[in-house]
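So the structure is just underneath, and the comments pick up after that.
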Amino acid sequence: MKINGFWIGVLIVLALGYAFTFFVDNEFYFFAVYVVLQGLIMAVAWNVLGGFTGYVNFGSAGFFAVGVYTSIALNKAFALPLPLIIVASACICGLIGLGTGYLTLRLKGVYFAIATLAMAIVFETVANNWEYVGGAAGTYVLQPENSFFFDSYVEFLFMVMVILAVFATALSRYLSISKIGQGLAAIRDDETAAECMGVPTLRLKLISASIMGGLMGIAGAPFPFFISFVDPLSAFSLLIAVNAIAMPMIGGTAYWYGPVIGALLLGTIQEITTVTISSELNLLVVGSLLVAFITLAPQGIAGLIHDLKNGRQKAKDKSHG
Amino acid sequence: MTELFINAVVSGLLLGGFYAAVALGLSITFGQLDIVNIAHPTIVIFGAYIAYILNETFGLDPVLIGLVFAPVFYVLGMGLYRIYYYSFERTGQESLSGLAFFFGLMFIIEVCLILTFGVDYRLVSAPYIGQTWKIGFVDFPLRMTVPFIVAVVVTLAVYFYMSKTFQGRAIMAVSQDRLALQLMGADPVKVKQSALGIAIATAAIAGALLIIIQPIEPSVGRLFIGRAFAIVVLGGMGSISGTLMAALVIGVAESLISTFYGPSWAPAVSFGLLLLTLAFRPQGIFGRA
């Protein structure tokens, strides 16, 4: 029943996305929704490790940017089609996630957080000095002529992003409801106890670190074609790193749908504030919402919904009993 | 060649001394209290802007401003610990939520600074900025030497406070064994509160030193996150003397790299060292296993 509900939802989202390319002409909406979906994939990816196991990744922008630069390099060297580029970025970022995880996930969670932060800066320095992909000055990326069955390349990119977002959400949902998810939740609650009960904690953490990296790579791969000019400042944007943390924290980290709710809500608010007020204020809004939520409602929106449901259930039970 | 090398080492040592002032507060919060205050470098920038305003309007000496504002920051730090304690530590949520809390705080401070001052570089004026002492062929620019001296004095002061006074020893104790400290009749919450106060107070001084060394804009703080954490980890988590040694090592390494390979690689030095340390010697170079 529940599985059917989810997959019907997936079909509806895909159909709506496709219909959107037909009925909407104003390109601004494609750009706006693209940015929200990119945030959604990043949020879902962050949550696979951060929310499910409690290991905080501060270097989301680093993973994202590796996806971006893999994409630029492959496009420049071989002019590969986008789907192949996405797969390649996912593999490379997944391996980086695995590597970082292997080196630091055996230590306390804080070290992983700092290592990811450090890694993002190392990558940024490399990107600044790597002339082939533009160096510090940046590079232009031309959109390919071929836009498949769509009227413009932007519409094609938009649809790709819808599919990727659905894929990321489905993967994270699968992880959380499967046996892996139970293991991850056990790590989050008490790692030592989980280890004692025979949960292969390191292997599970490495799996989710790789998936996190891979998904962040996917989010970055289409980005150069989307903005057509990439420099390290835009690829390693602060907003990407903050959003990847703020969206799941606001939505609720313990549930697979938490980051989705958080991303849609926060992403939309940001698009509105950026257009109507300013982009600096936008950062302030994210920061304040993040701090407000973690101090006042640490379980996020999904947690509030969950409590509300449970409360009602309890009230019902009481009135019946 | 040797002249260039020796000059690079000396300017690295001067820079490293200043790094110690930035990392000092983090060494206390992160190393001893287990509070991952990722917003610390941004608070340093906040201190730098205070020095900027007062220097600009009253022409006061930046170092003096830093020292005067240290007590104010001490009170701010105590307030910060109150919020942290009641929201996270008491409920046992410090690991995930606490990290995200400081991350959010970092953004709020940074964006407020951007909204108030813009992203232009700001600097201070003092009589010694721009002067250079020469000993043989070795340059001692006062712009670097004054912050070095102040930073080392502050670090030593904190070192002696921590190892010689009752309050300081209580701070060292709270990180080692909270219960034992309680049995000795000290309140861990109060001890930690004053420790975070001291940590934030050092940020006021570090900020004033920073703006003497280089012009600043609000996002400069981010570069110091990695440096400061690298120094604290290399120094062996919470050891004040280790922090000073590690800061000097990082300073010299950065200075050599930027002299011989170009300044654009310098930011990667501390982070690279940090990653290597985490991977192969997580207790730090100067830490005990």
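The values are calculated or read from the model by the stated rules, or taken from the named source; none is laboratory data. Quick caveat: nothing in here was measured; it's all calculated off a predicted structure. All Cβ positions, glycine included, derive from the backbone under ideal geometry; neighbour counts span all protein chains shown.
Listed values, structure above:
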| item | result |
| --- | --- |
| Filter pass, residue B:203 being under 27 Å from residue B:34 (Cβ atoms), away from every other protein chain (no Cβ under 14 Å) and outside any helix (DSSP H, G or I) | no |
| Of all residues in region B:1-60 being farther than 13 Å from residue B:229 by Cβ and hydroxyl-bearing (Ser, Thr, Tyr), the one that is farthest from the other protein chains (Cβ to nearest Cβ) | B:2 |
| Residue match in region B:164-173 (condition: crowded, with 17+ Cβ neighbours inside 10 Å, within 14 Å of another protein chain (Cβ to nearest Cβ) and under 20 Å from the mean Cα position of the chain (by Cα)) | no |
| Boolean, residue B:109 is within 18 Å of the chain's Cα centre (by Cα) and at the interface with chain A (Cβ under 10 Å from one of its Cβ atoms) | yes |
| Wholly within region A:206-271, helices (runs of 4 or more DSSP H) carrying at least 1 residues that are away from every other protein chain (no Cβ under 14 Å) and crowded, with 24+ Cβ neighbours inside 10 Å | A:223-227, A:232-235 |
| For residue A:128: the one exception among (1) more than 7 Å from chain B (Cβ to nearest Cβ); (2) in contact (Cβ under 8 Å) with a residue 40 or more places away in the chain | (1) |
| Matching residues, region A:181-196, being surrounded by 11 or more Cβ atoms within 10 Å (Cβ to Cβ), without any contact (Cβ under 8 Å) to a residue 60 or more places away in the chain and either among the β-branched types (Val, Ile, Thr) or outside any helix (DSSP H, G or I) (or both) | A:190 |
| Matching residues in region B:161-182 - criterion: being out of contact with any Leu (no Cβ under 7 Å at 6 or more places or on another chain), part of a helix (DSSP H, G or I) and at pLDDT 80 or above | B:161, B:162, B:163, B:164, B:166, B:167, B:168, B:169, B:171, B:172 |
| Residue list for region A:276-308, restricted to those being over 22 Å from the mean Cα position of the chain (by Cα), under 19 Å from residue A:237 (Cα atoms) and of a type in the set (A, V, I, L, M) | A:281 |
| Close pairs (6 angstrom Cβ cut-off, 6 or more residues apart or separate chains): more than 10 Å from chain B (Cβ to nearest Cβ) and β-branched (Val, Ile, Thr) in region A:273-293, part of a helix (DSSP H, G or I) and surrounded by fewer than 18 Cβ atoms within 10 Å (Cβ to Cβ) anywhere | A:273/A:281 |
| Selected residue [over 20 Å from the mean Cα position of the chain (by Cα), outside any helix (DSSP H, G or I), modelled with pLDDT under 90 and surrounded by fewer than 16 Cβ atoms within 10 Å (Cβ to Cβ)] from A:80, A:16 | A:80 |
| Residue ID - modelled with the highest pLDDT, chosen from residues in region A:272-321 that are within 24 Å of residue B:119 (Cβ to Cβ) and outside any helix (DSSP H, G or I) | A:277 |
| Residue that is of a type in the set (A, V, I, L, M, F, W, C), within 12 Å of another protein chain (Cβ to nearest Cβ), in a helix (DSSP H, G or I) and free of Cβ contacts under 8 Å to residues at least 60 places away in the same chain, where the choices are A:112, A:123 | A:112 |
| Looking only at region A:49-65, and only at residues there that are at pLDDT 90 or above and either away from chain B (no Cβ under 14 Å) or on the phi > 0 side of the Ramachandran plot (or both), the one that is surrounded by the most Cβ atoms within 10 Å (Cβ to Cβ) | A:63 |
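Table: residues versus (1) at pLDDT below 85; (2) within 12 Å of the chain's Cα centre (by Cα).
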{"position": "A:190", "(1), (2)": "yes, no"}
{"position": "A:202", "(1), (2)": "no, no"}
{"position": "A:248", "(1), (2)": "no, yes"}
{"position": "A:259", "(1), (2)": "no, yes"}
